[in-house]
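Okay, so here's the structure we're looking at.
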Amino acid sequence: GRINAAGEGRFVASTPPFGYQVVPAPDGRGKRLAVQEEAARTIRCMYEQLVVLGQSQQAVADHLNAANHRPPGSARWTAESVGRWARRRGPLMTASGVWRFSGTAVSIPAVLTPEQAANWSRWQDGGRRTQHSRGPYMLSGFLYMACGRNAMGRTAGSQRPTYSCREHYLPRSDPGRHDSCQNV
């Protein structure tokens, strides 16, 4: 029954997604999701800072806190909470106007324009490759070996981090071994 009600556009979960509030349906049948303007401003601000301006998650958290934008269920934004919210597909889908309940897509008012949602999605796709913590290998994804392949970061024992070609460490008898690639 709840899945059918969700298919009719009614809100049947217990907690509304961030950026939304539960309101009575105009037809009097159940409840609907409506944009909660204060949280929607937070989402739009996060979009502007992360996607448009390219700020770091920490800088965005600092900006949101300074502007008194509050996260759901907490007093302050952190770099981690910004990252958890901004990099997941579900919150972006909801902010773009589609709420999901048990696989059923329900149209709701959008917080972001279609263009903003598309830009954010592209940012998420790019972020999966280049905007994560690199640990001691700061050049991962940017440094290429003589053979043209990406370098892999590695550390052996107490060595300092180095970059190597994956094929350099194949057995000497392997014809695919890259003897010409030197560690950096």
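The values are calculated or read from the model by the stated rules, or taken from the named source; none is laboratory data. Remember, predicted model here, so these are calculated numbers, not experimental data. Using ideal geometry, Cβ is built from the backbone for each residue, glycine included, and neighbour counts are taken over all protein chains shown. Note: areas computed on protein heavy atoms with side chains; ligands, DNA, RNA excluded. Shrake-Rupley method; radii C 1.70, N 1.55, O 1.52, S 1.80 Å.
Quick notes
- Descending semi-axes in whole angstrom, ellipsoid equivalent of the range 6-114, from the Cα gyration tensor: 27, 14, 12
- Cysteines having no other Cys beta carbon under 4.7 Å from their own, within the chain: Cys45, Cys147
- Relative protection proxy for 87-95, 39-47, from highest mean packing down: 39-47, 87-95 (other beta-carbon atoms within 10 angstrom).
- Once the 1.4 Å probe is applied to the protein heavy atoms, the range 1-90 comes out at 55 Å² accessible per residue.
- Set against the labelled values (1) 190; (2) 165; (3) 104, volume of the Cα convex hull per residue in Å³ computed from this structure falls on (1).
- Only Lys, Arg (+1) and Asp, Glu (-1) charged, at Cβ; the range 1-128 dipole about Cα centre in debye: 380
- The chain - percent of accessible surface contributed by carbon and sulfur, probe 1.4 Å: 51
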